[in-house]
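The values are calculated or read from the model by the stated rules, or taken from the named source; none is laboratory data. Values in this document were obtained by computation on a predicted structure and should not be read as measured data. Note: ideal-geometry Cβ built from the backbone for every residue, glycine included; neighbour counts use all protein chains shown. Note: accessible area is taken over every heavy atom of the protein model, side chains too, but ligands, DNA and RNA are not part of it. Shrake-Rupley method; radii C 1.70, N 1.55, O 1.52, S 1.80 Å.
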Amino acid sequence: MRSSATSIDYSRPPAPRDILELLKPITWFPPMWAFMCGVVSSGVAIGGRWPFLIAGIALTGPLVCGTSQAVNDWYDRHVDAINQPERPIPSGRIAGHWGLRIALVGTALSLGVAWLVGRWVIAATIVGLLCAWAYSAPPWRAKVSGWWGPALVAFTYEGLTWFTGASVMAGSLPRSEILAILLLYSLGAHGIMTLNDFKAVRGDRATGVRSLPVVLGVGKASKLACAVMSLSQAVVVFLLFQWGLVLSSLAVGLLLLAQVALMVQLVRDPIGKAPWYAARGVTLYVLGMLAAALGLGGYV
């Protein structure tokens with residue numbers, strides 16, 4: 001060990017528990033849920049495709065999503081040193097360049113697993129990894145934009161993982177109906193990602209992050225987020241009905257109405273109610289994704 005001023009051993013590999021904390025397992029659920037929606041929407045019986053299914057779950061959760069968290073924490077290490085000094089990198093538990101090495105290893109592993117699964121999956125994985133690096137790393141660092149940052153996260157967490165699930169099961173490009181629905185849910189998720197920015201308005205202003213609550217103001221940003229979430233789901237309801245998936249359309253419509261009732265309270269106090277809405281409204285949103293997937297897969 002070095003002197004007290006430089007007591008961190010930069011050559012020592014980080015502990016497994018610190019690596020796991022860096023990869024943030026709690027963030028794996030949304031993309032894994034969207035992946036399962038893709039699996040269901042394909043309408044293909046699992047049968048002998050269990051190895052592909054397990055590989056897809058690993059890709060969307062610990063591999064690609066976990067890698068994106070490592071990339072984000074590495075390039076946010078100076079900001080986290082101020083706002084969250086207890087995080088693995090700024091605290092020194094993951095010292096030196098180990099954070100970057102973990103991100104690079106995760107990238108390589110993700111590409112390797114995707115290559116074994118199939119061409120459409122490796123294409124989706126490449127796009128997802130590019131988005132992950134573009135979101136956090138300079139010179140792109142899309143996270144400083146309230147428009148591009150949420151769009152990249154929404155696209156990769158919801159649309160791209162849904163695409164991966166459907167393509168894993170079908171072994172080919174998903175049907176046009178599936179592509180339309182996953183794109184609409186990706187668009188709606190932009191509003192969800194905007195809600196996440198309400199908790200960091202003060203810090204974003206101080207560090208130059210131009211989130212929508214900072215650029216538009218809290219009130220306008222909350223209304224825009226609600227409009228984006230609502231309109232995208234309304235189109236989903238319309239398309240499902242047009243395709244004869246009446247029960248699925250009705251389920252998504254009822255879940256949307258419940259969200260709108262919650263949105264009325266959200267816009268009255270966006271900062272105070274954002275976590276409250278995330279626990280309730282976002283749950284209804286993802287249940288609607290499953291309802292749409294069940295219709296597309298021919299289950300209802």
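Pairs meeting the criteria (first residue in the range 172-200 and within 18 Å of Gly219 (Cα to Cα) and at pLDDT below 95, second residue not in a helix (DSSP H, G or I) and not aromatic (Phe, Trp, Tyr), beta carbons under 6 Å, at least 6 apart or on different chains) are Asp197/Ser211. Residue count for the range 57-78, restricted to those that are surrounded by fewer than 24 Cβ atoms within 10 Å (Cβ to Cβ) and aliphatic (A, V, I, L, M): 2. Being in a helix (DSSP H, G or I), crowded, with 21+ Cβ neighbours inside 10 Å and in contact (Cβ under 8 Å) with a residue 60 or more places away in the chain is the filter; apply it to the range 208-231 and report the residue that is nearest to the chain's Cα centre (by Cα). Restricting to residues being in a helix (DSSP H, G or I), crowded, with 21+ Cβ neighbours inside 10 Å and in contact (Cβ under 8 Å) with a residue 60 or more places away in the chain, the top hit is Leu212. Considering Gln265, Gln259, the condition of being open to solvent by less than 40 Å² (accessible area, probe 1.4 Å), over 20 Å from Phe35 (Cα atoms) and in contact with a Lys or Arg (Cβ under 9 Å, 6 or more places away or on another chain) is satisfied by Gln259 alone.
Give the residues of the range 80-126 that are touching a residue at least 24 places away in the same chain (Cβ under 8 Å) and of a type in the set (Gly, Ala, Ser), sorted by residue number. Of everything in the range 80-126, those that are touching a residue at least 24 places away in the same chain (Cβ under 8 Å) and of a type in the set (Gly, Ala, Ser) turn out to be Gly92, Ala95, Gly96, Gly99, Ala103, Gly106, Ser110, Ala114, Gly118, Ala124. Every condition in (1) open to solvent by 60 Å² or more (accessible area, probe 1.4 Å); (2) under 16 Å from the mean Cα position of the chain (by Cα); (3) among the polar types (S, T, N, Q) is met by Ser176 except one, and the failing one is (2).
Entry remark, the range 243-269: residues being assigned to a helix (DSSP H, G or I), farther than 30 Å from Ser176 by Cα and out of contact with any Cys (no Cβ under 6 Å at 6 or more places or on another chain) number 5 in total. Applying a threshold of 9 Å to beta carbon distances and a minimum spacing of six or more residues, or different chains, the list of pairs starting in the range 45-56 at a residue that is open to solvent by less than 70 Å² (accessible area, probe 1.4 Å) and ending at one that is assigned to a loop (DSSP other than H, G, I, E, B) reads Arg49/Gly171; Phe52/Gly118; Phe52/Gly171; Leu53/Ile46.
Just to verify a result, which residue in the range 33-46, among those that are more than 25 Å from Ala200 (Cβ to Cβ) and among the aliphatic types (A, V, I, L, M), is modelled with the lowest pLDDT? Once the filter is applied, the top-ranked residue is Ile46.
Does Arg205 satisfy being open to solvent by 60 Å² or more (accessible area, probe 1.4 Å), assigned to a loop (DSSP other than H, G, I, E, B) and either among the charged types (D, E, K, R) or touching a residue at least 60 places away in the same chain (Cβ under 8 Å) (or both)? No; evaluated as a whole, the condition is false for this residue. Considered as a group, the residues in the range 1-22 that are assigned to a helix (DSSP H, G or I) and modelled with pLDDT of 65 or more include one that is surrounded by the fewest Cβ atoms within 10 Å (Cβ to Cβ), and that residue is Pro16. Being more than 18 Å from Ala114 (Cα to Cα), of a type outside the set (Val, Ile, Thr) and touching a strand residue (DSSP E or B) at 6+ places or on another chain (Cβ under 6 Å): is that true of Gly146 here? Judged against the criteria, Gly146 is a match.
Condition test on Gly188, is it under 17 Å from the mean Cα position of the chain (by Cα) and part of a helix (DSSP H, G or I)?
Criteria met by Gly188.
On the basis of being farther than 21 Å from Glu158 by Cβ and surrounded by fewer than 24 Cβ atoms within 10 Å (Cβ to Cβ), does Leu100 make the cut? Yes; evaluated as a whole, the condition is true for this residue.
Considering every residue within the range 282-291, establish whether at least one is open to solvent by 40 Å² or more (accessible area, probe 1.4 Å) and in contact with a Gly (Cβ under 8 Å, 6 or more places away or on another chain). No, the conditions are met nowhere in the range 282-291.
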